[in-house]
Structure formats: C-alpha cells, structure tokens
Amino acid sequence: YAVIGVSSFGTTRFGHRLHVTANFQTFPNALLTLWQILFGDDWMTIMDDCLLAEPYCTKRFTDPLTGLKLSYGDCGSVWSPVFFITFKVLCEWTMLNLFIGMIINNFSYCSNRENEGALTGADLDWFCDMWTETFDEFGTSFIHLTKVYEVMVCIGEPLGFHGEERNM
C-alpha cells in the first residue's frame with residue numbers, strides 16, 4: 001500500500017490533513033501516513049485531500065526550462081476512496097482476527113483439563129471471594145488502576161501472572 005500511495009498520491013497538493021505530518025511523497029512518509037491511517041487518525045480527511053481534482057489543482061505542469069508539458073501534476077486520484085477503504089478494511093480485519101485469536105488461545109488454555117493451569121470452578125470461587133473481601137469491599141466492581149498489579153500478583157495462576165503461586 002505504501003508503494004501504491006507514493007505512485008498515486010506522491011505529488012498531490014497539500015490540503016487540510018495531507019501535509020508535512022501525513023503525506024505520500026516518500027516511501028518512509030507513506031509508511032508513517034499509513035500507520036496513522038490504520039489507527040484512525042483523521043483518515044477520511046486525508047482521503048478527501050487525495051481526491052483533489054481540477055480546477056483546484058494542475059493536471060500537468062509545464063517545465064520552465066524547456067516549455068514541455070510534464071507527465072505529472074499535483075492532482076489526486078479518483079481511486080482515492082478505493083485505496084483508503086480497502087486499506088482500512090483489510091488492516092482492521094487482520095487486527096481484529098489477531099485479537100480474536102488471542103482471546104480464543106487464552107480461553108483454550110484456561111479450559112483445557114489436561115493442562116495443569118486449567119481454570120476450575122474452585123479457581124473462580126477463590127477469585128470472587130478474594131476480590132470481594134480484599135479489593136472491592138464496597139461492591140462497586142471497580143478498583144483503582146494502581147491496584148491491578150497487586151490483584152494479578154495475589155491471584156497467581158491460572159488467572160494472574162504465570163509462574164506465581166497464590167500469595168494469599
């Protein structure tokens with residue numbers, strides 16, 4: 001996608017968001033711009049900036065030395081929406097699949113009876129008792145962020161840190 005971005009939008013005139021911090025002028029800049037787009041950093045405005053067409057741009061420049069028409073200008077491409085939407089869909093689909101795969105992997109680890117770190121009903125009961133008696137005595141279902149590490153250390157395996165025995 002970075003190579004396609006450089007070849008399609010490398011000479012596009014800067015706009016509202018397509019500027020010094022996000023552009024396709026060079027391959028490294030294109031990679032950084034795609035990274036910003038992947039995380040949703042105003043990607044629709046960048047897409048609109050890359051859609052720039054006449055009369056707001058020049059299709060072909062004239063070389064000031066020779067007077068010949070150059071083969072490029074500072075217009076964008078009508079294919080800008082296709083480029084940006086396919087990039088967003090493919091990358092977010094991949095990230096979502098990785099995230100779901102992580103959840104399924106951890107679930108299979110916890111529910112596998114042959115594994116010594118298998119999650120049992122007794123583990124869940126012990127966690128609920130420890131949670132309500134030690135960390136959430138008022139029953140709010142919330143703890144302060146600074147206590148999360150303490151919870152993970154106290155509960156040990158299989159719900160807490162791996163390699164830690166229950167510390168309570």
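So here's what we get for this one:
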{"read-out": "Under 17 Å from the Cα of K59 - lysines, other chains or at least 8 residues apart", "value": "K69"}
{"read-out": "Linear extension gain, Q36 paired with F99, 0.36 nm per residue minus alpha-carbon span", "value": "20.7 nm"}
{"read-out": "In nm, spacing of pseudo-spin labels at L90 and T66 (7 Å Cα→C-beta vector)", "value": "3.5 nm"}
{"read-out": "D63, D74, D41, D125, ranked by accessible area, largest first (probe 1.4 Å)", "value": "D125, D41, D63, D74"}
{"read-out": "Under the span-like rule (Cα at least 18 Å along the axis, Kyte-Doolittle mean at least 0.0), DSSP H helices of the chain", "value": "80-111"}
{"read-out": "Shape category assigned to the chain from the gyration tensor of Cα positions, a/c cut at 1.5", "value": "prolate"}
{"read-out": "Solvent-accessible area, 1.4 Å probe, carbon plus sulfur percent, for the chain", "value": "64 percent"}
{"read-out": "Pairwise centroid distance, computed over Cα atoms, of region 11-27 with region 44-108, Å", "value": "11 Å"}
{"read-out": "Projected label distance in nm at R13 and D129, using a 7 Å step from Cα toward the beta-carbon", "value": "7.3 nm"}
{"read-out": "Size of charge dipole - the chain - debye, nearest 20, with Cβ of Lys, Arg +1 and Asp, Glu -1, no other charges", "value": "1440 debye"}
{"read-out": "Per residue, in Å², the accessible surface of the chain once ligands and nucleic acids are set aside, probe 1.4 Å", "value": "69 Å²"}
{"read-out": "Most to least accessible of I155, I85, I143 (protein chains only, probe 1.4 Å)", "value": "I85, I143, I155"}
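The values are calculated or read from the model by the stated rules, or taken from the named source; none is laboratory data. Since we're looking at a predicted model, the values are computed, not measured. No Cβ is skipped: glycine too gets one built from the backbone with ideal geometry, and neighbour counts run over all protein chains shown. Just so you know, the surface numbers come from the protein's heavy atoms only, side chains and all, with ligands and any DNA or RNA stripped out. Shrake-Rupley method; radii C 1.70, N 1.55, O 1.52, S 1.80 Å.
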